[in-house]
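Written below as structure tokens is the structure these notes are about.
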Amino acid sequence: MPLLKYEQIAESLRARITEGEFGPGELLPSGRELAEEWAVSRATVVKAMDVLRNDGVVVARQGSGFAVVERPLARPAGRRRPDGPRLAGAAAYRLLGNPVKEVPPSRVANALDLTDGEHALRRTRLMLLDDGSPASLVDAWFPPSVSSRCPRLAAPEPLAEGTTRYVARRTGRSPAAGTDLTTARLATESEAGVLGLGLPAAVVVVLHSARDEAGAALVCEIGVTAAELWEDEVDYPMGS
């Protein structure tokens, strides 16, 4: 189904932001400029900006227009509801180190349908609490079928549009089904160091995997959270 005009504008701006034309905090073209460029009404441009703002890509600047967010948000591993907004549960984060291609743990390799010894691209982020302290350590693993078509995943920079949107835009593949496996164990020494925990420390581990409509793997994430910070509330109907 073809995109509506306001969706086309939003997708074009996502691409221009991700490719570096507009950096963090920089103003986007004005509503008048975009209306003229796309031959649409100002109301259509406003609708496109509302999409980007709701997705946490841009922020409104009083009297100036819209600017790229200076500090992109991300979500922890798992708990991705199909009817929820992209920013549900999102928080500030920072990337740790450089993305690297390596052989993932066996559970990740299985979730990504990799062959023995096959590499995947790992991006590691540290989710932060409101006060800036560590909340959750997340390794996101992308199979070669995704990373080879999404070069920005290998850059040590946050993506304002989010990796899910970026992958969908570059590959035409979006998540259609997800699986979350939640377990508990003791933190490793390296995990405790990053999360600021004393040993021994209990952690909750979420292994999240997502597949597209064809059933092909898109990503597998492992999120490690201190047990004292973990909570999961689920609302559901009861009765006949």
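The values are calculated or read from the model by the stated rules, or taken from the named source; none is laboratory data. Given the structure is predicted, the values throughout are model-derived calculations rather than measurements. All Cβ positions, even for glycine, are placed from backbone atoms using ideal geometry, and neighbour counts span all protein chains on display.
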Checklist line | Every residue from the range 156-173 that is surrounded by 14 or more Cβ atoms within 10 Å (Cβ to Cβ) and not charged (D, E, K, R) | finding: Pro158, Leu159, Ala160, Gly162, Thr163, Thr164, Tyr166, Val167, Ala168, Thr171
Checklist line | Among residues of the range 1-15, those that are loosely packed, with under 15 Cβ neighbours inside 10 Å and touching a residue at least 60 places away in the same chain (Cβ under 8 Å), counted | finding: 1
Next item on the list: Starting from the range 86-97, keep only residues that are among the aliphatic types (A, V, I, L, M), then list their pairs with residues that are at pLDDT below 90 and in a strand (DSSP E or B) whose Cβ atoms are within a distance under 9 Å, requiring at least 6 positions of separation or different chains.
Entry: Leu87/Leu73; Ala90/Leu73; Ala90/Ala74; Ala91/Leu73; Ala91/Ala74; Ala92/Leu73; Ala92/Ala74
Note to self: Just the residues that are buried (at least 18 other Cβ atoms within 10 Å of the Cβ) and either part of a loop (DSSP other than H, G, I, E, B) or within 15 Å of the chain's Cα centre (by Cα) (or both), please, taken from the range 174-196.
What the structure shows: Ala187
Note to self: Could you check the range 19-54 and list, in sequence order, the residues that are of a type in the set (Val, Ile, Thr) and touching a Lys or Arg at 6+ places or on another chain (Cβ under 6 Å)?
What the structure shows: Val40, Thr44
Next item on the list: Scan the range 113-133 and give yes if some residue there is outside any strand (DSSP E or B), under 12 Å from the mean Cα position of the chain (by Cα) and touching a residue at least 40 places away in the same chain (Cβ under 8 Å), otherwise no.
Entry: no
Notebook entry, point to check: Taking the range 16-52 only, how many residues are surrounded by 14 or more Cβ atoms within 10 Å (Cβ to Cβ), of a type in the set (Gly, Ala, Ser) and touching a helix residue (DSSP H, G or I) at 6+ places or on another chain (Cβ under 7 Å)?
Noted result: 3
Next item on the list: Give just the number: which of (1) under 30 Å from Ser133 (Cα atoms); (2) surrounded by fewer than 18 Cβ atoms within 10 Å (Cβ to Cβ); (3) in the same structural domain as Leu153 (by TED's automatic domain parsing) does Arg61 not satisfy?
Entry: (3)
Next item on the list: Just one of (1) farther than 18 Å from Leu128 by Cα; (2) free of Cβ contacts under 8 Å to residues at least 40 places away in the same chain; (3) β-branched (Val, Ile, Thr) trips up Thr182, so point out which.
Entry: (2)
Check: Which one of these is touching an Asp or Glu at 6+ places or on another chain (Cβ under 9 Å), in a loop (DSSP other than H, G, I, E, B), modelled with pLDDT under 95 and assigned by TED's automatic domain parsing to the domain that holds Thr164: Ala88, Ala77?
Finding: Ala77
Next item on the list: Would you check if there is a residue in the range 228-239 being within 24 Å of Gly56 (Cβ to Cβ), in a strand (DSSP E or B) and either of a type in the set (Asp, Glu) or at pLDDT below 95 (or both)?
Entry: no
Item checked: Residues located in the range 1-45, provided they are among the β-branched types (Val, Ile, Thr) and more than 28 Å from Cys150 (Cβ to Cβ) -> Val40, Thr44
